[in-house]
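*Asks:* I am attaching a structure below and will ask some questions about it afterwards.
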Amino acid sequence: MLENQKIRPHQVIGPLGEPLTLDSLPPAGTTRWVVRRKAEVVAAVSGGLLSVDEVCERYDLTVEEFAGWQRAVERSGMPGLRVTRIQHYKSLYERQQKY
């Protein structure tokens, strides 16, 4: 019974320092994913506003795709979410792990 009574925040701090609420997140069904929108969704999950399952259902994402966004933010911050720079940041991260 207690598992179903999760306490969720009404807002979390977004990637640019602004408050994020469910209403301020990208709309459900978003298909054009710019860096800021990806970062907002990752921040919402990190802050407990939504669960990974809820995000995947709401935005029609796979768990693997969302996990890739999370890894990119953890490794390189918002710049790591740029599609054109994924390979650059991936190789940079792999080089850092060697030392």
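*Asks:* So if R0 is 30 Å, what FRET efficiency would Asp23 and Met78 give, r being the distance between their Cβ atoms, rounded to the nearest 0.05? Intermediate values should be presented prior to the final figure.
*Replies:* Values: r = 22 Å, r/R0 = 0.73.
Plugging the Cβ-Cβ distance into 1/(1 + (r/R0)^6) gives 0.85.
*Asks:* Using mean Cβ contacts within 10 Å as the protection proxy, how do 17-29, 60-72, 42-54 order, highest first?
*Replies:* Values: 17-29: 12.0, 60-72: 14.8, 42-54: 16.7.
Averaged packing, sorted descending, gives the order 42-54, 60-72, 17-29.
*Asks:* Please compute the modelled spin-label separation between Val63 and Arg95, points set 7 Å along Cα→Cβ, answer in nm with one decimal.
*Replies:* 3.4 nm
Laboratory data are not the source of any read-out in this text; all were calculated from the coordinates shown. Computed from a predicted structure; not experimentally measured. For neighbour counting, all protein chains shown are included, and Cβ atoms are generated from backbone atoms with ideal geometry for every residue, glycine included.
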